[in-house]
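Trainee: Encoded as structure tokens, here's the structure I'll be asking about.
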Amino acid sequence: MAPLSGLQLASALLAFAAPTLAKGVAPGQIKNFVTFGDSYTDISYPAADGGYAWPTYAAGYGPFDLYPFAKSGAACSNNLTYRPYPPIFGYQLPNYFDEVKNGTAKLNPEETVYTIWIGTNDLGANALITGSDAPDVSIVPVRQCAVDVVKVLYASGARNFIMQNIIPLDLTILYSANSYPNKYWDEVRNTTEWNVFMKELSRSGNAITDLMLQALAPTLPGAHIATFDSYGLITDIYNNPGNYLNGTAPLNVTGCVNSCVYNLNESESDTGDCTVAEGTDRDSFLWYDELHPSEQTDRIIAREITTVMKGEASKWATWWS
Ligand SMILES: *[C@@H]1O[C@H](CO)[C@@H](O)[C@H](O)[C@H]1NC(C)=O
Ligand SMILES: *[C@@H]1O[C@H](CO)[C@@H](O)[C@H](O)[C@H]1NC(C)=O
Ligand SMILES: *[C@@H]1O[C@H](CO)[C@@H](O)[C@H](O)[C@H]1NC(C)=O
Ligand SMILES: *[C@@H]1O[C@H](CO)[C@@H](O)[C@H](O)[C@H]1NC(C)=O
Ligand SMILES: *[C@@H]1O[C@H](CO)[C@@H](O)[C@H](O)[C@H]1NC(C)=O
Ligand SMILES: *[C@@H]1O[C@H](CO)[C@@H](O)[C@H](O)[C@H]1NC(C)=O
């Protein structure tokens, strides 16, 4: 074999080194995305935002082919935070692997991003914030579980991942200090304590997840792993609504499109006393109801995630590898 010239050697080394050195996916690389998560990501129509959910928008904006596995009500694992809904471990992942096995989901790992957005239910009422779990469960294993989703998918051949972090749940109506009894919780509670505790859970949960992902990334050769900063984006919408919300009502980040006030201890099959924004007024709201982002917020999330999946720079994403 002829000896390589300096230039050939340099480019051979570059070609070898580039895939491991380059952080993030390349422009144009991604054609599909696969979603795992809860009601924030479940694309059933109408979605929990009252319209289309963010993945439906992102699939159109890309365009990308969408493989949706997220289910309303889900936690990461019912072994940690038990809820009677289809969790990622125990339901969504097995469902995905079944579809891979039977050829329904035929995905080239290079062209596919896996998104994971979980935590709202794990941290929330009837789970961490109300101490409803096994004694050894805390925010730590709950976030380890989210990171384990990446590990399990990587082991099956997946390579590109976006971890959407936890939103500032303390800014939702459910977890605000001046909250009212609503369909998610109408029993007696100390709303100040819930607000303080939820702020701690969301912020520490996100910091723990980032540290775990940073530690994990170098152990998974060829993987590209990002954190998408949902926390930062929604905080920015809260602080600067005029940059994002475009409805015909006064901009509103403390109320919601579909606000229903319950009496204390009222049956949850009642509807409560509702104030509902209609038509183009809806796009003035950050929140759809006491726990969920509005459809306009979801369009923004979709727009920003699309940028990340297209391999373009985004102030809301950090690639760890
Ligand atoms: C959850 O518990 C079941 C039953 O004990 C077990 O089979 C399963 O592997 C556990 N799943 C996880 C993700 O720990
Ligand atoms: C493949 O598996 C999925 C998930 O279990 C199922 O819903 C679907 O009907 C299966 N498709 C075929 C062609 O067997
Ligand atoms: C609610 O919790 C806050 C913070 O711990 C405390 O200051 C306040 O006294 C509590 N309110 C009631 C009614 O117990
Ligand atoms: C607000 O902007 C989105 C695009 O982000 C657009 O789809 C929607 O129709 C706009 N809403 C109104 C009321 O103009
Ligand atoms: C925001 O929306 C709520 C309904 O959830 C309403 O009660 C409140 O008056 C609105 N605030 C503004 C500033 O329009
Ligand atoms: C609501 O239920 C709790 C116990 O579950 C009880 O202590 C409280 O008095 C009830 N309040 C109202 C207004 O019914």
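Trainee: Mind giving me the FRET efficiency for E268 and E200? R0 is 22 Å, r the Cβ-Cβ distance, nearest 0.05 is fine.
Mentor: 0.20
Trainee: Quick check: the angle from helix 92-101's long axis to the longest principal axis of the chain, C-alpha only, nearest 10 degrees?
Mentor: 40 degrees
Trainee: If pairing requires two Cys Cβ atoms under 4.7 Å apart, which cysteines of the chain are left without a partner?
Mentor: Cys with no partner Cβ under 4.7 Å: C256.
Trainee: Which residue, S138, S267, S202, has the most motion in a Gaussian network model of the chain that connects Cα atoms within less than 10 Å?
Mentor: S267
Trainee: Based on the alpha-carbon gyration tensor of the stretch 143-220, what equivalent-ellipsoid semi-axes (square roots of 5 times the eigenvalues) come out, in whole Å, largest first?
Mentor: In descending order, the three semi-axes are 34, 13, 9 Å.
Trainee: Using all alpha carbons of the chain, what is the percent of pairwise distances in each 10 Å bin, ordered from the shortest bin to the longest?
Mentor: Whole-percent P(r) values from 0 Å outward: 6, 25, 34, 21, 9, 3, 1, 1, 0.
Trainee: If you stretched the chain out fully between K315 and V261, how much longer would it get, using 0.36 nm times the residue separation minus the C-alpha to C-alpha distance?
Mentor: 15.8 nm
Trainee: Output needed for the stretch 188-321: three equivalent-ellipsoid semi-axes, defined as square roots of 5 times the C-alpha gyration tensor eigenvalues, in descending order, whole Å.
Mentor: Square roots of five times the eigenvalues give 33, 21, 12 Å.
Trainee: Here's something else I'd like to know. Using only Cα atoms, tell me the angle between helix 6-21 and the longest principal axis of the chain; keep it within 0 to 90° and round to the nearest 10.
Mentor: Relative to the chain, helix 6-21 is tipped by roughly 20 degrees.
Trainee: For a protection proxy built on the mean count of beta-carbon atoms within 10 angstrom, sort 274-283, 149-158, 118-127 highest first, please.
Mentor: 118-127, 149-158, 274-283
Trainee: Over 16 Å, how big is the tail of the calculated P(r) for the stretch 109-185, in percent of all Cα pairs?
Mentor: Value for the stretch 109-185 (Cα pairs over 16 Å): 60 percent.
Trainee: Further question: Counting alpha carbon pairs within less than 8 Å and at least 6 residues apart, what relative contact order, in whole percent, applies to the chain?
Mentor: On the way: 620 pairs, mean separation 67.4, N = 321.
21 percent.
Trainee: Aspartates and glutamates within cross-link reach of K106: Cα-Cα under 16 Å, excluding same-chain residues under 8 positions apart?
Mentor: Cα-Cα hits under 16 Å: D65, D98.
Trainee: State the answer as a single residue: which of S284, T209, N252 lies farthest towards the positive end of the charge dipole of the stretch 205-321, with beta carbon charges of +1 for Lys and Arg and -1 for Asp and Glu, about the Cα centre.
Mentor: Result: T209.
Trainee: Also: Against the 2.2 N^0.38 Å scaling, with N counting residues, where does the stretch 180-248 land? I'd like the Cα-based Rg ratio to two decimal places.
Mentor: On the way: Rg = 17.5 Å, N = 69, 2.2 N^0.38 = 11.0 Å.
Rounded to two decimals, the normalised Rg is 1.59.
Trainee: Let me ask another. Could you tell me the ratio Rg/Rh of the stretch 33-104? Both radii from Cα atoms, Rh via Kirkwood.
Mentor: We get a ratio of 1.00 for the stretch 33-104.
Trainee: Roughly how many nanometres apart are two label points built 7 Å out from the Cα toward the Cβ at N95 and V276?
Mentor: Inter-label distance under the simple model: 2.7 nm.
Trainee: Please list 69-77, 300-308 highest first by mean number of surrounding beta-carbon atoms within 10 Å per residue.
Mentor: In decreasing order of mean packing, 69-77, 300-308 become 69-77, 300-308.
Trainee: Can I ask one more? Order the peptides 229-236, 290-297 from the highest to the lowest mean number of other Cβ atoms within 10 Å of their residues. Can you show the working numbers first?
Mentor: Details: 229-236: 19.9, 290-297: 24.9.
Top of the packing list down: 290-297, 229-236.
Trainee: Above 18 Å lies some portion of the pair distances; for the stretch 82-149, what is it as a whole percent of all C-alpha pairs?
Mentor: Of all Cα-Cα distances in the stretch 82-149, 48 percent exceed 18 Å.
Trainee: DSSP beta bridges in the chain, what fraction antiparallel, as a percent rounded to 5?
Mentor: Working: 9 of 31 bridges.
Of the beta bridges lying entirely in the chain, close to 30 percent run antiparallel.
Trainee: By how many degrees, between 0 and 90 and to the nearest 10, does the Cα long axis of helix 139-155 differ from the longest principal axis of the chain?
Mentor: Once rounded, one gets 40 degrees.
Laboratory data are not the source of any read-out in this text; all were calculated from the coordinates shown. Here the structure is a predicted model, which is why all the values come from computation and not from measurement. Because the Cβ atoms are built from the backbone with ideal geometry, glycine has one as well, and the counts that use them run over all protein chains shown.
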